[in-house]
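Here is the structure we will look at.
The values are calculated or read from the model by the stated rules, or taken from the named source; none is laboratory data. Just so it is clear, the structure is predicted and the values come from calculations on it, not from any experiment. Glycine also receives a Cβ, built like all others from the backbone with ideal geometry; neighbour counts cover every protein chain displayed.
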Amino acid sequence: MLKIRTPKTPKAKRALVKRAPKLVENAKKTLILHGTKTSNVLNAVLGQIFHLKKGLAVKFSKKNEKITPFERSGEASLEFFSVKTDCSLFVFGSNSKKRPNNLIFGRMYDHHIYDLVEVGVENFKPIESFKYDKNIAPQQGSKPFFTFIGEGFESVDELKHLKEVLLDHFKGEVVENLNLTGVDRVYLCTAISSTTVLFKHCAIRLKKSGTSIPRIELVEVGPSMDLVVRRHRLPLEGQMKQAMKAAPTQPNKIKNVSRDEIQGKVGKIYIPDQQVGGLALSTKMKGFKRKRREGKLSNDMRDDLSKKMKIESQ
């Protein structure tokens, strides 16, 4: 379990409030890091992913020996980095003889690992290998299209899971209104087989068509690579049920409270009938000692009468 210290300064309190759950969440950031050994191809792939997600990504350059996402003992360091950087997505790269050019795409929930997809990178082509007009290059902050071609994305569990993870990693910020000029790129994912997906990144070129709807042309701008699915881990049932809970869109209505234009907020208070006769009152108070009070009055009256009789007799 991660130990989170209580904030001691106003700045730390504001940072925790900013990271707290919200009705409308901030855009998800991606943590990019690599293991003890990486190849030149893998370093280039991690750099290209950071370039595609610039502004919503944090990249570590040092080696990380203790991170093994698929093992329970190797999750602590990754979850610690997730808390420090406030990232809910991560891409981890490693290279070994058993798994060369290995990439792990993962998602976090409450800074704990939610699910994982491990893929191998083959036939990688960087952005620099494509020649195109730089004016049509995708701009930072633009919204991409996604196209998934192949029946495997609907029938194969591994590809269905990879589809969800890729959408979550590259979709950017969630917006309600969209400008057509802001959609200037598309990710093409083609299922070649039950385990291999061809991943391409293209720019959208709008040309005249003689109608109000422009003609669309795709220009490949890179990167391009084949993703071979090796392992994947689905979330636990309890964790998935908790993560899928939707926040209420409208606050719960408060009973017996209304608003008036003149009086403002008006509330009704209901008080049950009070049974005064059945109340248990204390009898030790001086006000309830009737006999003592009456006896004192009678003694005072007798003293007054005796004084008057003495005066008259004299």
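Which of the residues that make up the range 98-132 are in a strand (DSSP E or B) and among the hydroxyl-bearing types (S, T, Y)?
Y109, Y114
Are any of the residues in the range 85-99 polar (S, T, N, Q), closer than 25 Å to V24 by Cβ and under 26 Å from the mean Cα position of the chain (by Cα)?
yes
Among the residues of the range 195-212, how many are loosely packed, with under 14 Cβ neighbours inside 10 Å and either within 20 Å of L162 (Cβ to Cβ) or within 37 Å of the chain's Cα centre (by Cα) (or both)?
Of the range 195-212, the ones loosely packed, with under 14 Cβ neighbours inside 10 Å are 207-212.
So of that shortlist, the ones also either within 20 Å of L162 (Cβ to Cβ) or within 37 Å of the chain's Cα centre (by Cα) (or both) come out as none.
Number of matching residues: 0.
Looking only at the range 133-177, which residues are part of a loop (DSSP other than H, G, I, E, B) and within 16 Å of A27 (Cα to Cα)?
Answer for the range 133-177, where residues must be part of a loop (DSSP other than H, G, I, E, B) and within 16 Å of A27 (Cα to Cα): Q140, G141, S142, K143, K171, G172, E173, V174, V175, E176, N177.
Please give the number of the condition L42 fails out of (1) modelled with pLDDT of 90 or more; (2) over 15 Å from H169 (Cα atoms); (3) in contact with a helix residue (DSSP H, G or I) (Cβ under 7 Å, 6 or more places away or on another chain).
(3)
Output the number of residues of the range 182-194 satisfying the condition of being more than 23 Å from R215 (Cα to Cα) and either among the polar types (S, T, N, Q) or surrounded by fewer than 16 Cβ atoms within 10 Å (Cβ to Cβ) (or both).
Residues flagged as more than 23 Å from R215 (Cα to Cα) and either among the polar types (S, T, N, Q) or surrounded by fewer than 16 Cβ atoms within 10 Å (Cβ to Cβ) (or both) within the range 182-194 amount to 3.
Among N123, N179, which is surrounded by fewer than 17 Cβ atoms within 10 Å (Cβ to Cβ) and either of a type in the set (A, V, I, L, M, F, W, C) or more than 29 Å from the chain's Cα centre (by Cα) (or both)? Walk me through it before giving the result.
On the way: N179 fails: either of a type in the set (A, V, I, L, M, F, W, C) or more than 29 Å from the chain's Cα centre (by Cα) (or both).
Every option except N123 fails the conditions.
Would you be able to tell me the number of residues in the range 71-80 that are modelled with pLDDT of 85 or more and more than 16 Å from the chain's Cα centre (by Cα)?
Matching residues across the range 71-80 total 6.
Residues in the range 8-29: is at least one under 23 Å from F124 (Cα atoms) and either of a type in the set (F, W, Y) or modelled with pLDDT of 90 or more (or both)?
The answer is no, given that none of the residues of the range 8-29 is under 23 Å from F124 (Cα atoms) and either of a type in the set (F, W, Y) or modelled with pLDDT of 90 or more (or both).
Which one of these does S209 not meet: (1) part of a loop (DSSP other than H, G, I, E, B); (2) touching a strand residue (DSSP E or B) at 6+ places or on another chain (Cβ under 7 Å); (3) at pLDDT 90 or above?
(3) is the only condition that S209 fails.
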